[in-house]
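The values are calculated or read from the model by the stated rules, or taken from the named source; none is laboratory data. It should be emphasised that the depicted structure is a prediction, and the values quoted were computed from it without experimental measurement. Glycine also receives a Cβ, built like all others from the backbone with ideal geometry; neighbour counts cover every protein chain displayed.
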Amino acid sequence: MTPQEHTLNGDAAVRAEHPDDKQMANRAALSSIAGSALEWLDFAAYGAIAATVLPQLFFSATDTTTAALAAFATFSVGFVARPLGGLICGALGDRVGRRNMLVFTFLLMGVCSFLIGVLPTYASIGVYAPVALVVLRFMQGFALGGEVTGSQLLTMEHAPKNRRGFYSSFIAMGSPLAQVLANAVLFGVAAIVTNEQFLRFGWRIPFLFSFLLVAIGLFIRMRISETPAFEAQMKQKRSGRVQSTAGFGKHGGTILRLMMVWAAVSIAYFIATVFILSYVTGKLGISKQTAFAILIVAHLCSMVAMGFGGALCDRIGRRRAMLLGSRSMLVAFIVFFPLILSGHVLLIGLAIVFLLCAAQFHAGVQPAYFAEAFPTEFRYRGSAVAYNLAVVIGSSAPFAATLIQAHTAGATWPIVALGIVFNLISMWAIHAGPESHGE
């Protein structure tokens, strides 16, 4: 029996014992998007802060370009930690269950976010401020590395077989929803306080909500049961009827292929949401409030693209849906900077919306596309490592783009070329992989 056949048989066995699967699937989807949005809120706020005020607050002893590079480097640190978090939390999640690990990651994320909100700046404690910031960002990333894939699996493994793509697209909506909330809070604060007050305390407000978010998030998470697929796996292990197929040696090729698929999407996402925020406010003179408002609209539009991607992949298959998104993303990259450099707010907004929606269309397909590539007992680890390694590459895009511009007199074509090359690699990796829908 193949791992995929075993997984599907196990799912069917458990579903026979749970006639209210649809109700639990709906609860898991709604709870996961809420919990994910809460957990992503502070992580999203950090991205916006890194592009606007962190260089002045934590790296003020350096010149402007170096300060911006240092701020984006701390942003990337959180993503460097994600593969480690995905590996450790994934290994434990494949043994003790999806829900138990999600409670742990939520608590860790909330504590680290609150501590960032009360962290003294460089002016108060000198070099200890950026050092502490890096440590907290690393722990944030560790928690999020285990959170993202775990939430996806919790939703997908509860979902009806013929609607896995649609149900799992809900969890992907947690990230843009958090971006909307984070940018809305920052927009409101920036509109109310002066620039001096924003630098002094305004930027801390999203992080200080962490205690409230942890309480709400734990309430949501504790109302979800363990997934049928995991319960079936544990039952068959106890009975000795299943032979282990877990191992990085066996699934290493799949992990590498999925990492190549997702790296291009991740690069597009961070160019459209983090680097461009720094670019339009610093180079084009767009106000922070306007930039935050553009991102709010872009993220709301991207949520529609996610739902469409998830629903479409249940109809036409995972691979065809991913290729459709990749072609759209290729066009979006080509027209991105010409629209941005027009300096017109509406055209800037159109460029960001187009690229972000093309990237997030993939995110509606990704949970099912990744999870169906692995058997149940290796699914958490395999998906988490592939996804988070790709995001490490993507999260370095703002740093790389800033460095490229510093050495090319502000040229934008090398950034476009970088995005196109990774996009072509991604399309090749999608073509090389099998179609998992309907197995």
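Okay, residues lined up against (1) at pLDDT 90 or above; (2) hydrophobic (A, V, I, L, M, F, W, C); (3) touching a strand residue (DSSP E or B) at 6+ places or on another chain (Cβ under 7 Å):
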{"position": "V261", "(1), (2), (3)": "yes, yes, no"}
{"position": "S278", "(1), (2), (3)": "no, no, no"}
{"position": "I296", "(1), (2), (3)": "no, yes, no"}
{"position": "A311", "(1), (2), (3)": "no, yes, no"}
{"position": "R327", "(1), (2), (3)": "yes, no, no"}
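Criterion applied to S124, S113 was being touching a residue at least 40 places away in the same chain (Cβ under 8 Å) and either surrounded by 24 or more Cβ atoms within 10 Å (Cβ to Cβ) or in a helix (DSSP H, G or I) (or both), and the one residue passing it is S113.
The C-beta contact set for the stretch 269-281 (first residue of a type in the set (S, T, Y), second residue surrounded by 24 or more Cβ atoms within 10 Å (Cβ to Cβ), distance under 6 angstrom, 6+ apart or interchain) comprises Y269/A359; S278/A51; T281/A291. Scanning the stretch 112-146 for residues that are in contact with a Ser or Thr (Cβ under 6 Å, 6 or more places away or on another chain) and over 19 Å from G202 (Cα atoms) yields V134, R137, A143, G146. One residue stands out among those in the stretch 285-311 that are of a type in the set (A, V, I, L, M) and in contact (Cβ under 8 Å) with a residue 60 or more places away in the chain: the one that is nearest to Q405 (Cα to Cα), which is I286. Counting only residues that are surrounded by 24 or more Cβ atoms within 10 Å (Cβ to Cβ) and within 18 Å of the chain's Cα centre (by Cα), the stretch 395-418 holds 3 of them. Filter the stretch 159-203 down to residues that are in a helix (DSSP H, G or I) and hydroxyl-bearing (S, T, Y) and give me whichever is surrounded by the fewest Cβ atoms within 10 Å (Cβ to Cβ). If we take residues in the stretch 159-203 being in a helix (DSSP H, G or I) and hydroxyl-bearing (S, T, Y), then Y167 is surrounded by the fewest Cβ atoms within 10 Å (Cβ to Cβ).
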